[in-house]
Every structure is written in structure tokens, then in C-alpha cells.
Amino acid sequence: MRLIKLLVDEANKQNVVDVLETENIDFVVTKNATEREDTVLVEFPLPTQAVGYVIDELRDAGVDDREYTVIASAETAKTRNYHELEERFVAGVEEDDAVAREEIRAKALDMHRSKLTYYSMTMFSAIVAASGLLLDSPAVVVGAMVIAPQVGSALIAGVGISLNDRRMIRIGFAQQFFGFGAAILGAFALGLLLQSGQIVTSVLDVSTVSQISKRISPGLLSLLVGLCAGAAGAFGLATALPVSLVGVMIAAALIPAAAAVGIGLAWGLPSVYLGAGVLLVANAVAVNVSAFLVLWYLGYRPDSWTENTREVNNGDSAETDDRPQYLGAVVALLLLGGIFVGAGGLLVGQIGFDNDVNTAVEQVLEDDQYDELELTSMQTEVGMARHFGQTPEVTVVVLRPADESYPNLAETLRERIRQETGRDVAVSVEFREGQQAGQSSQSVRGPRPVPA
């Protein structure tokens, strides 16, 4: 429920009264509410769902609400016709949960935090998330989401784009950009601290930790988390629903990925920080774009659009319409986001394939018959080959005892990689014999793909 306080001049008083009486809204008028004797203060209670509709009706009647308009929360109202308004707007034919543009702007800005609070809480949440990733503990990772403040910056940016509020756009994107930097820095510092204190060995392959491997090989399901998180946040903000729980979901799409980037940097593993970086940026784009699209669908537009439309309908000369420029910027943003996500998808596919190959090779060399072999290096030459039907090539270099022979190793590796990745590969194994200079190799190629 909302209490509207509107200051109007005497010339527009009758227009306000006519609208309120037509809509059967109870109101009071206070004269001489300010030092200006030609103004009056009009107050009336409304269900939250009716605020946007009534404000638009007043504007269409020629009322200028930019001088003094207050939309305040109220507990209850007992007036002659308020019950009818509840039946009409809350559970009737005009049922609509959407709130007014002024209110959604205020709700979004209420989630803005000071720099010290925002970046400190972001860094704390990233450190907790990094700890949960290294511990392979989903519970700790989820706990980090509760203290993350990312919901505010994401929704401020979404509202700013939909209303063309440059100040909100600047605040939202600046906090997101520097917030991700703080999160990565916090996780990176934790990784270095753990290694220097010998708490976690620096030779640990963190990419094999389950909670981290899930962040470095993202797919469509990972992207859906960001899309649904941004959409749910926008719905919560634009309606009477609470946003607090949605904030955990938005943080879940962003903070673990940022923590994984920091861990990858601390361990110097490009496959980790590149894969997690793609997930982080892709989810950030998804959250912002989906929040904007939901707000757009719910009817939130720049204020200048409604003002220009109102002036044209009243026969007045409209100011320059900025719709073409605004729509052009939005389309450009969506295209850039799509291009980045597509390019990131190719990189993520490469990283995911590499990880699957690594897993397959390690599984084979763990067999008892290969106990005396030591993996020296491995290279997967994929590039764009796998996207054009060509056979990827995998080169494995192992150290073996002198005079030992492993004639079936290449074929065994090829079969295990095929099972793990679902693709045929050409496997080349290079043997290096202890301290001797001798070197031998064997290779097995998969069947040449048949052109479609």
C-alpha cells in the first residue's frame, strides 16, 4: 500500500480532482501547503499495484508531477472506497503487480551500498567461495552467496538501461566491474597465502577439484543460471515480491566464477582462469540482459518517451525523440553480448575438451600395467578443427624405464579419450627413457571423418 502526496498549482487542481473522482479514489486537499499561495497538496492512498496506472492518468490529464511527488509506504487505510480499489487492482480485472517507474528507480537505488561496504563484502564472499571451491564443499560455496552484494549493482544497471538513466547505468556497471576485480583479487590473494604457508601444495592440480572443474567448463545450463537469476531479480524488483532471496541466486551465478578465476591465476593455470573468466563474463552479460528484457516486457520505458507521447497526444510540439538512438544502443549491446557469448562458447568448448582429454589420459596411466610410466607433458591440438569435422590430435609424452615396451598404449589412450569426449582423436605417444638419450614414439589415428 502506498500514500501519494502530490503538490499541484491551482490551475491543475481541478484536473487532479477530476481524475481521482473518475477512478473513485478518496483524497484530501490541503491549501497553502507551501509558501506559494497558488499551490495545494493532494494526498490519497492507493494499492501498490495501482500507483503506476494512476500516476500515468494524472500525467495524461496535464499534471506536472516533477515539482513535488512523494510515494510513501503505508500500513493500512480506511476510506470510503479503498476496498473497491483493492478488489479492482489487487484481485480484480486490472490485477497487476507492477510498480510505478518512480518506485522501481527508488527500490533499485535503495540497494546501492557505499564503496567500502560493497567491495569489502564482495571480497569476503569471494574468499569464502574460494575456500569452498578448494575444499570441494558446496555448502561453503552457497554460504558465500548469502553475504555477496551483487544483486544491487546488477539491478541498478538493469533499471538504468530500461529507463535510460545514465547515472544508474554508470553506478551499476562500475560496481560490477570493480566488484569482479575485488573478488578475483581476494581469491588470488588467498591462493598465494595458502601456497606460501604450505597449507595447500602449489603442485595441486586444482582443475581436478569437482567444484572448480564445474566452473571452468561451462555450458548452456551454466548460462541459464545467469539468465534466470537476472530475470527473477527484475521480476522481484518490479513487483511486490521480495528481492533478497533472488540476490543469492545472482551471486551464485557470479561469485564462484570470479573466485575460480583468482584460484587459476594463483596456481598459474590458463585453463582454469580462462574458462572461469568466460563463465564470469557470460553470466554477467546474461544477468544484465535478462534483467533489462524483463523490465522492458513489463512496460518500463525512458521517461522522455512517455512525455513526448503525451505532448503529441495533447497537440503540443514534442521535444526531439531519442528512441532511435536508444534502441540502436540497446540492439548494439545485445549484439555485442551475443558475439562475446558465442566466442566465449568456442573457447569454453576447447577448454572443456582439453579437460576431458586430460582426465582420460590420467585414468589410463593409473592402471597397474602403466605404474612405471610418468606423464611428462600433453598437448591437445584442436583449434577450430573439431568445429569443422576434422580429427583433433593429442600428443602425450611419457617417461618409461629403459628397454620397456608399451605397444598398445596409444590405442588404449585413443579409446579412452573417445569414451570420455565422444569424439575420435589421433593419438601420438612419445617415450623418453630415463636418463638415456634415446626416444621412440608410436601413434594411432582415428578413422578419417566422412564429409557430410
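The values are calculated or read from the model by the stated rules, or taken from the named source; none is laboratory data. The shown structure was predicted, so the numbers you read here are calculated from the model rather than taken from an experiment. With ideal geometry, Cβ positions are generated from the backbone for all residues, glycine too; neighbour counts draw on all protein chains shown. These accessible areas exclude ligands, DNA and RNA; they are computed on the full protein's heavy atoms, side chains included. Shrake-Rupley method; radii C 1.70, N 1.55, O 1.52, S 1.80 Å.
In table form, for the structure just shown:
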quantity	calculated
Test: residue in the range 59-72 that is aliphatic (A, V, I, L, M), at pLDDT below 80 and surrounded by 13 or more Cβ atoms within 10 Å (Cβ to Cβ)	no
Any hit, the range 437-444, residues being of a type in the set (A, V, I, L, M), at pLDDT below 70 and farther than 30 Å from V281 by Cα	yes
Odd one out for Y53, checked against (1) at pLDDT below 85; (2) surrounded by 19 or more Cβ atoms within 10 Å (Cβ to Cβ); (3) not acidic (D, E)	(2)
Output for the range 260-307, where each listed residue is assigned to a helix (DSSP H, G or I), under 23 Å from T359 (Cα atoms) and of a type in the set (A, V, I, L, M)	A260, V261, I263, L265, A266, V272, L274, A276, V278, L279
Breaking point among (1) of a type outside the set (S, T, Y); (2) under 22 Å from F235 (Cα atoms); (3) in a helix (DSSP H, G or I), for A148	(3)
Members of the range 24-35 that are open to solvent by 20 Å² or more (accessible area, probe 1.4 Å), farther than 15 Å from T69 by Cβ and touching a residue at least 24 places away in the same chain (Cβ under 8 Å)	N24, D26
